[in-house]
1. Is it the case that some residue within the range A:229-247 is assigned to a helix (DSSP H, G or I), within 30 Å of residue A:85 (Cα to Cα) and touching a helix residue (DSSP H, G or I) at 6+ places or on another chain (Cβ under 7 Å)?
2. Answer yes or no: is there a residue in the range B:171-192 that is touching a Leu at 6+ places or on another chain (Cβ under 7 Å) and of a type in the set (Ser, Thr, Tyr).
3. Please tell me if residue A:130 is among the acidic types (Asp, Glu) and in a helix (DSSP H, G or I).
4. Residues to consider are B:81, B:85, B:76; find the one that is in a helix (DSSP H, G or I), out of contact with any Ser or Thr (no Cβ under 7 Å at 6 or more places or on another chain) and buried (at least 18 other Cβ atoms within 10 Å of the Cβ).
5. Please enumerate the residues belonging to the range B:84-138 that are of a type in the set (S, T, N, Q) and more than 10 Å from chain A (Cβ to nearest Cβ).
6. Of all residues in the range B:51-73 being touching a Pro at 6+ places or on another chain (Cβ under 7 Å) and part of a loop (DSSP other than H, G, I, E, B), which is modelled with the highest pLDDT?
7. Of the conditions (1) surrounded by fewer than 24 Cβ atoms within 10 Å (Cβ to Cβ); (2) part of a helix (DSSP H, G or I), residue B:197 clears all except one; give me its number.
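The values are calculated or read from the model by the stated rules, or taken from the named source; none is laboratory data. Small disclaimer: the values here were computed from a predicted structure and weren't measured. Cβ atoms come from the backbone with ideal geometry, glycine included; neighbour counts cover every protein chain shown.
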Amino acid sequence: MTVVVAVAKRAAIFVVSLWVASVLVFLACSALPGDVAQVILGIGADPASVDRLRTEFGLDRPLIIRYGEWVGGLLTGDLGDSYLTRRPIGPDLAPRIGVTVSLVVCSMILAMVMALLFGMHAALRRRHLDGFLTSAGSQIGLAVPAFWAGILLVVVFAVGLRWFPAGGHVPLSRDPLGWAHHMVLPVVSLTIVQSAVLTRYVRSAFIEVLADDHIRTARAIGWRQFPALMRHGLRNVAVQVVTVLGLQLASLLVGAIVIEQVFALQGLGTRLLDAVAQRDLLVVQGIVMLLVLAVLVINFLVDLAYLAIDPRLRTPGGTR
Amino acid sequence: MKARLSLAIGLILVGLVLVTALVSLVWTPYDPIRVDSAQVLQPPLHGPHLLGTDGFGIDVLSRIMVSAQICVQVGIIAVGIALVIGVPLGVFAGQVGGWGSELVMRVTDIWYAFPALLLAILFAAAFGSSTGTAMVAIGLASVPAFARIARAATLQVMSQDYVLAARACGTRPAAIAVRHVLPNIAPLVGVQASVSFGIAILAEAALSYLGLSAQPPTPTWGRMLADAQTYLFSNPVLALWPGLAVAAAVLGFNLLGDGLRDLLDPRLKEVR
C-alpha cells in the first residue's frame, strides 16, 4: 500500500512539472518579441500583409487559447504545422528521434560501463599511482568540451587514419553495419565526457561505502575487499549513481544536440538549430518540449528507481 | 597533499586565464579581428605567428587571447546571476523549512529540466543570439545548483546551538540569515561558484560553436573551433589551440573548486 502511495505522489509531481514546463516553453516562444509573421515577410513588408499572415497563423488570438490548442495537440501527438514549411511538425521529427535516441542511449551505456570500471579502480587503488592517474584522467575528461573531442576524433580517425566517416548517418533498419560505422565517432565523443563525470561519482561513492561500518565488519570476519564490496556495497553505491545518471541523461540529451551538429547527423538537435536560425518558433517549441519531456520522464523513472533500490524510502516516513 | 596539488594547479590555470584576458585588453601580438589575405593559413611555430594564422589570415594566438575576455565575462555574469537568485532561494528554503522548503525543492526539480544549452537555444529563438542571452541562460540554468547547496548548508547551520540562542533572543530571521547563515555557508557556495564557472565556460564554448553566443567579429574559442572545422582536411592543427584553451580554463576552475572542497571537508580527508 505504501508503495502505491509513494509511486502516486511521484506521478503527481511528474504531471505538475510537465504542466509547468509546458507553460514556460510556450511563454518563451509565444509571448516574447520576434513576431513570426514579420520575420517571414521581412522588415520591409507592409503592415496589412503582416496582419493577414498573423491571422492565418492564428497569432492574433489570445495567448491562453493558443496555449490550450497547442497542449491539446501535444496530448494527441500533434505538434502543429511549421510556420515556414507549412507542413505538420510531428512526422518531420519522427525519423529524427531515432537518431538522437540511439546516440544518447549508446553513449549512456558505454559511459556507464567505463565509469563503473574506472571508478571502482580509482576508488580501490586510490593510494596508488594507477588509481591517482585514473582520477586525474577523469578530471581532464571533465574539462574537455564534447564537441572538441568530436572534432579531434574526426582529425585522427576520419581525416588521418580514414577508419570512420567524418559525418553523416545511415538508418539502422537499412544497413546495421553502416549505422554502427557512422555512429562510432559521435558516440565515443559524447562518451568521453560523460564517463569522466560518472567515473568521479562512482569513485567517491565507492570510497564512501568503503569507509562504512558494515564493510569494515565484513572485512573483519574475513571477507576480502572486492567480494565484500560486491555483496554489501553495490546497493549503496547504486542509489548515488542512479541519481547522477538521471542528471547526466539530461546533459547527454543536450550534448547530443551539439554532437549532431559536429557530425552532421539528422537528429532532433540539427532540426532544432535550423529552426532557431529561421526563427520557426513552433518547431523550436515542439522540439524543446520533447526534450524537456524526456528529461522529466527520466527524473520520474529515477525517482521510481530509488524506491526499487532503497527499501527505506517505501515507508511513509522514509527520507532520501 | 592532493588537495594542495589541485589547488595549486587550479590557481595557476585560473590565474593564466585571468591574466590573458587582462593583457589582451591592452596588447595582443597582432590585430585579432582584421582580415589579412596575404597571411592566410600560416603554419604554427614557423615565421612570425607563434600559433599560425586562420583562414582569414588572422593571428591565432591573438584571437585566443582576446577570447579569454568573453570567457571571463560570461563566467562572472552567469555565476553572478546564479548566486544572486540561487543563494537567497536556498537560504529561505532552509530557514522556513516545511512546505516552503518542499516548494523550493520542487521548483528546482522543474528548473533542472532546462539545462543551460536548452535554455540558451530557447532564448536565442525568442530574442536572437548574443552574448547577453547566452550569459543569462547559463546563469539561470545554474540557479538550482546554488539553491540546493545553500538550502542543505542552511539546514545544517540552523540546527546549531548559536542559532537557537539567537532565535531565543528574538533576532529576526533576516538578521540570522545575514549574521549566522551566510558567513557559514560562504565556503560551500564558493566551491560551487568555482565549479559553476567551469560549467559556464563549457556551455559558452558550445553555444558559440553553434553560433548562439557572441556574434562575429567577436572572437570566442567556440567560434574558432567552428571555423577550424572548415579546414580539418588541410589545416587540422587550427582545431587544437582553442580547444586546449577551453579545456585548460575549465580544468583550472574545476581543480580550484575541488581543492577548496577537500580543504574544507574534513570527512573526505579522513577517508583518504
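1. No: the range A:229-247 contains no residue that is assigned to a helix (DSSP H, G or I), within 30 Å of residue A:85 (Cα to Cα) and touching a helix residue (DSSP H, G or I) at 6+ places or on another chain (Cβ under 7 Å).
2. No, because not a single residue in the range B:171-192 is touching a Leu at 6+ places or on another chain (Cβ under 7 Å) and of a type in the set (Ser, Thr, Tyr).
3. Numbers: among the acidic types (Asp, Glu): yes; in a helix (DSSP H, G or I): yes.
Criteria met by residue A:130.
4. Values: B:85 fails: buried (at least 18 other Cβ atoms within 10 Å of the Cβ); B:76 fails: buried (at least 18 other Cβ atoms within 10 Å of the Cβ).
Step by step, each of B:81, B:85, B:76 is checked, and only B:81 is in a helix (DSSP H, G or I), out of contact with any Ser or Thr (no Cβ under 7 Å at 6 or more places or on another chain) and buried (at least 18 other Cβ atoms within 10 Å of the Cβ).
5. Initial filter on the range B:84-138 (of a type in the set (S, T, N, Q)): B:95, B:101, B:108, B:129-131, B:133.
Selection gives B:95, B:101, B:108, B:130, B:131, B:133.
6. Ranking the qualifying residues of the range B:51-73, first place goes to B:58.
7. Among (1) surrounded by fewer than 24 Cβ atoms within 10 Å (Cβ to Cβ); (2) part of a helix (DSSP H, G or I), the lone unmet condition for residue B:197 is (1).
Yes/no matrix, rows are residues, columns are (1) free of Cβ contacts under 8 Å to residues at least 40 places away in the same chain; (2) more than 12 Å from chain B (Cβ to nearest Cβ); (3) more than 21 Å from the chain's Cα centre (by Cα):
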residue	(1), (2), (3)
A:155	yes, no, yes
A:161	yes, yes, yes
A:180	yes, yes, no
A:184	yes, yes, no
A:202	no, yes, no
A:220	yes, yes, yes
A:226	no, yes, yes
